[in-house]
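*Asks:* Okay, handing you the structure first.
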Amino acid sequence: MEKIKKIRAYLQDPYETKILFNDIKNLFVTIVRIAIIVGVSYVILSPLIGMFVNAISSTKDAYNPMVFVIPEFPTLERFQLAFTRLDYLPTMARDLAYTITTTLVQLLICSMVGYGFARFEFPFKKFLFACVVVMIVIPTHTIMLPLYLTFRSFDPLGLMTLIKGAPLNLMGTVAPMYIMSFLGCGVRSGLYIYIFNQFFRGLPKEIEEAAFVDGCGTWYTYFGIMLRNAMPAVITVTVFSIVWQFNDTFYAKLFLISENVVISKKVSSLQATIANLDKVLDPNIQELYLDAGILLVILPIIIIYLLLQKNFIEGVERSGIVG
């Protein structure tokens with residue numbers, strides 16, 4: 001009885017009642033947040049979880065209807081064979097070298113273009129920036145034919161014909177990707193220019209004015225001061241560029257780039273390779289090897305994102321691309 005009286009007295013006190021109500025409200029909000037985070041995380045991670053389960057499943061598990069999430073006879077055979085058929089380490093090394101060098105070119109060119117739009121006035125500025133926006137909006141499939149014809153018979157201003165006597169065929173090489181990146185129209189370059197433009201516009205002009213007063217030139221101010229202050233944007237563009245360049249198959253197929261350079265193109269033919277070389281003719285079992293190959297391919301991207309996650313989120317927020 002005494003405990004009941006104490007509880008009633010506690011509830012009759014307006015201050016204590018308010019505190020209790022706030023505690024219950026905060027607990028409810030916390031539970032809802034956790035439920036949303038868990039739900040969204042499951043939606044995002046469930047394909048990866050499913051692929052991993054398939055990749056470690058044995059043939060018996062694949063045909064056992066009672067196996068749903070945890071295989072009864074897990075095996076690493078799928079990863080081992082996929083690793084071998086993809087020629088994983090040499091191919092991944094070539095692909096990362098190609099991806100990273102292309103990313104560095106895009107960082108240099110797109111940051112300079114974004115800085116120019118943010119800080120300088122020049123003729124047709126608004127029109128040119130509108131062209132950048134058009135690069136973001138228009139699908140690349142609409143210009144695939146001009147791109148193919150341009151690099152199939154590459155002859156800028158007739159220079160190749162003048163030097164070699166005929167246009168240059170760049171199909172089957174990575175040269176088209178480097179040329180496009182140097183000209184600021186590579187994979188998603190329009191978005192990168194926009195990110196840098198938004199970020200540089202948010203930096204105070206007093207930084208540059210102080211640098212100019214100290215005798216710094218335009219190039220030193222850009223490379224030594226402004227670009228260092230734009231590291232969140234640099235990291236954001238780096239992550240975007242590496243992921244999209246690494247996963248690109250559209251340009252790789254359009255320019256006939258070898259699958260020994262682009263591993264994402266090679267993994268698309270993994271099922272056929274295993275069927276021909278290892279005589280695995282069952283499509284269901286081929287899917288297990290494909291899942292293992294996909295996981296091996298995306299592993300470097302996951303590692304890069306985990307290492308740069310904090311800076312990546314900061315760059316996205318400060319560049320304003322979410323608004």
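Each value in this text was obtained by applying a stated rule to the coordinates, not by laboratory testing. Being a predicted model, the structure only gives us computed values, none of them experimental. FYI the Cβ positions are ideal-geometry reconstructions off the backbone, even for glycines, and counts take in every protein chain you see.
*Asks:* Under a point-charge model restricted to the Cβ atoms of Lys and Arg (+1) and Asp and Glu (-1), what is the dipole moment magnitude of the chain relative to its Cα centre, in debye to the nearest 20? Intermediate values should be presented prior to the final figure.
*Replies:* Working: 26 positive and 23 negative charges, 108 e Å.
Here the size comes out at about 520 debye.
*Asks:* Residue by residue, what Karplus-based ³J(HN,Hα) values in Hz, rounded to whole numbers, does the stretch 278-285 have, using 6.51, -1.76 and 1.60 with θ = phi - 60° and x for Gly and Pro?
*Replies:* Residue by residue, the stretch 278-285 yields 10, 6, 8, 9, 6, x, 5, 6 Hz.
*Asks:* Here's another thing I want to ask about it. Contour minus end-to-end for Arg201 and Asp23, with contour as 0.36 nm per residue of separation and end-to-end as the Cα-Cα distance? Intermediate values should be presented prior to the final figure.
*Replies:* Working: separation 178, 0.36 × 178 = 64.08 nm, distance 4.29 nm.
Stretched fully, the Arg201-Asp23 segment lengthens by 59.8 nm.
*Asks:* Compute the Cα gyration tensor for the stretch 98-147, then decide on rounded, prolate or oblate, letting a ≥ b ≥ c be the square roots of its eigenvalues: rounded whenever a/c is under 1.5, prolate when a/b is larger than b/c in the other cases, and oblate in all that remain. Numbers along the way, then the final one.
*Replies:* Working: a/c = 2.94, a/b = 1.16, b/c = 2.53.
Oblate, because a/c is 1.5 or more while a/b does not exceed b/c.
*Asks:* Using a simple spin-label model with points 7 Å from Cα along the Cα→Cβ vector, what separation in nm is obtained for Asp155 and Leu307?
*Replies:* 4.5 nm
*Asks:* Then there is this: Please identify the longest segment of the chain free of exposed chymotrypsin sites (Phe, Trp or Tyr not before Pro), where exposed means a DSSP state other than H, G, I, E or B and no more than 10 other Cβ atoms within 10 Å. The partial results should precede the final answer.
*Replies:* Details: sites that count: Phe68, Phe120, Phe124.
The longest such stretch corresponds to 125-323.
*Asks:* For the chain, what is the mean residue ellipticity at 222 nm derived from helices alone (per DSSP H run of n ≥ 4: -39500 (n - 2.57); sum divided by total residues; nearest 500 deg cm²/dmol)?
*Replies:* Numbers: 16 runs with 229 residues, N = 323.
Rounded to the nearest 500, it is -23000 deg cm²/dmol.
*Asks:* Additional query: Output wanted: per-residue J couplings in Hz (rounded whole) for the stretch 48-62, from phi through Karplus 6.51 cos²θ - 1.76 cosθ + 1.60, θ = phi - 60°, x for Gly and Pro.
*Replies:* For the stretch 48-62, the Karplus curve yields 5, 4, x, 5, 5, 4, 5, 5, 9, 7, 7, 4, 4, 5, 5 Hz.
*Asks:* What is the spread of the Cα atoms of the chain along each of their three principal axes, largest first, in whole Å?
*Replies:* Principal axes ranked by extent give 105, 71, 34 Å for the Cα atoms.
*Asks:* Which whole-Hz couplings ³J(HN,Hα) result when phi for each residue of the stretch 291-299 is put into the Karplus expression 6.51 cos²θ - 1.76 cosθ + 1.60, θ = phi - 60°, listed in order with x for Gly and Pro?
*Replies:* Per-residue couplings from phi come out as 4, 5, x, 4, 4, 5, 6, 7, 4 Hz.
*Asks:* Relative contact order of the stretch 167-290, please, whole-number percent, based on alpha carbon pairs below 8 angstrom and at least 6 residues apart. Before the final figure, lay out each step's value.
*Replies:* On the way: 68 pairs, mean separation 34.4, N = 124.
The value is 28 percent.
*Asks:* Once the dipole of the stretch 165-323 is set up with Lys and Arg at +1 and Asp and Glu at -1 on Cβ about the Cα centre, which of Leu254, Leu288, Tyr305 lies farthest towards its positive end?
*Replies:* Leu254
*Asks:* So which residue, out of Glu209, Glu287, Glu259, gets the largest mean-square fluctuation from a GNM of the chain using Cα contacts under 10 Å as springs?
*Replies:* Most flexible of the set in this elastic network: Glu209.
*Asks:* Further question: Let me have the relative contact order for the chain, percent, based on Cα pairs under 8 Å that are six or more residues apart. Provide the component values of the computation, followed by the final result.
*Replies:* Numbers: 308 pairs, mean separation 82.4, N = 323.
Once normalised by length, the contact order is 26 percent.
*Asks:* Rounded, prolate or oblate, given the Cα gyration tensor of the stretch 146-257, with a/c below 1.5 counting as rounded? Let's see the in-between values first.
*Replies:* Working: a/c = 3.80, a/b = 1.84, b/c = 2.06.
Judged from the Cα gyration tensor, the stretch 146-257 comes out oblate (a/c at least 1.5, b/c at or above a/b).
*Asks:* Quick one: of Lys126/Lys205; Lys60/Lys253; Lys60/Lys279, which pairs are farther than 27 Å apart, Cα to Cα?
*Replies:* Lys60/Lys253
*Asks:* Between Leu183 and Gln80, what is the label-to-label distance in nm when each label sits 7 Å out along the Cα-to-Cβ direction?
*Replies:* Placing both labels 7 Å along Cα→Cβ, they lie 4.9 nm apart.
*Asks:* Sticking with the crude label model, points 7 Å out along Cα→Cβ, report the distance from Phe223 to Ile100 in nm, one decimal please.
*Replies:* 2.1 nm
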